[in-house]
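Read-outs throughout are calculated quantities, based only on the coordinates presented, and are distinct from any laboratory measurement. This is a predicted model, so every value here is computed, not measured. Cβ coordinates were reconstructed from backbone atoms using ideal geometry, including for glycine residues, and neighbour counts include every protein chain displayed.
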Amino acid sequence: MTYYPIFLKVKNRKCLLVGAGEVGVRKLKSILECGPAEISVLDTAAPGLDMLEISHDPRVTFEQRPFRDNDLDDVFMAFACTSNTEVNRRMADLCAEKNILCNIADFPEGSNFIVPSVIRQGDLTLAVSSGGATPAFTKKIRRDLQDIFGPHYAAFITLMGRIRPLVLDLGKETSHNTALFRQLVASPILDELEVGNVDRVKDVLAETLPHELVPRIPELIDDLI
């Protein structure tokens, strides 16, 4: 099966996670990084230490009880991470009926999305998937990529995120702005951030940015390294 790659906005959405074991807690942590409004967590077993720690998050509601069909009411996205095949497949069927995004552990045929291996550096997110064929290999690729994409990538994206609105506010032609952004991306800034050479970053920015923005360079690079 070929999956359509997508980055999904879950901010301020309601999610459901059934099964708070090791797999469920791992998925719960990744969802919380994305700013959901609420995550209901259900498990028939008492919560483990990791779950108890996460349950202090005001967005998380844990209940020690079985899944009920109406738990899916008003849910945007659901995860079934239980060891009970019947429960997992029941959730898959209900999500299909209600057009709810669902991920069913160890049952990709019943899921309408799978969770890739993810590398995050600030606002940079890299997702790797083998279409569910070999999760172990995608984890290896993730480890390899972590050695390449270090914290300097996060710093560079933060810098570009600060520069972009200032450039757009100058009201210049789109072609001018596009050329400027490409010039910044092709510049030595990323390499200089990797070695912590702030002075050289300042020099490159002074040489590249429109003159109106040069006085703002100190605030642009503040706390980058």
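Descriptive notes on the structure:
- A Förster distance of 35 Å, applied to the separation of the beta-carbon atoms of residue 182 and residue 133, puts the FRET efficiency at 0.45.
- Base-10 log of normalised Debye intensity for the stretch 69-166 (one unit scatterer per alpha-carbon) at q = 0.10 Å⁻¹: -0.43
- Computed over the stretch 8-125: relative contact order in percent, which uses C-alpha pairs under 8 Å that are six or more apart: 24 percent
- With the simple spin-label model, which puts each label point 7 Å out from Cα in the Cβ direction, the residue 26 to residue 206 separation comes to 4.9 nm.
- The DSSP beta bridges internal to the chain are antiparallel in roughly 20% of cases.
- Within the stretch 27-120, the chymotrypsin sites (Phe, Trp or Tyr not before Pro) that combine a DSSP coil assignment with at most 15 other C-beta atoms in a 10 angstrom radius are 113.
- Acute angle (nearest 10 degrees) that the helix 174-186 long axis makes with the longest principal axis of the chain, alpha-carbon atoms: 80 degrees
- Shape of the chain, Cα gyration tensor, a/c cut at 1.5: prolate
- Mean separation of Cα pairs under 8 Å and 6 or more residues apart, divided by the residue count, gives the chain a relative contact order of 13 percent.
- For the stretch 111-170, relative contact order (Cα pairs under 8 Å, six or more residues apart, normalised by length) works out to 33 percent.
- By the Cβ rule of 4.7 Å, the chain holds the following cysteines without a possible disulfide partner: 15, 34, 81.
- The residue 49 and residue 12 beta-carbon pair, evaluated with R₀ = 35 Å, returns a calculated FRET efficiency of approximately 0.75.
- In the stretch 100-173, trypsin sites (Lys or Arg not before Pro) in a DSSP loop with at most 15 other beta-carbon atoms within 10 Å: 172
- Taking the helices alone, the chain has a mean residue ellipticity at 222 nm of -13000 deg cm²/dmol, built from -39,500 (n - 2.57) per DSSP H run of at least 4 residues and averaged over all its residues.
- On the principal axes of its alpha-carbon atoms, the stretch 116-181 has extents of 49, 23, 14 Å, going from largest to smallest.
- Whole-angstrom gap from the stretch 168-225 to the stretch 1-51, using each part's C-alpha centre: 38 Å
- Pairs exceeding a 30 Å alpha-carbon distance, out of 14/139; 9/98; 139/202; 27/98: 139/202.
- Across 48, 110, 132, mean-square fluctuation computed from a Gaussian network of the chain (C-alpha pairs under 10 Å connected) peaks at 48.
- For the stretch 31-119, trypsin sites (Lys or Arg not before Pro) are listed when DSSP marks them as loop and at most 12 other Cβ atoms sit within 10 Å of their Cβ; the list is 68.
- Dimensionless Rg/Rh of the stretch 139-225 - Kirkwood Rh, Rg from C-alpha atoms: 1.02
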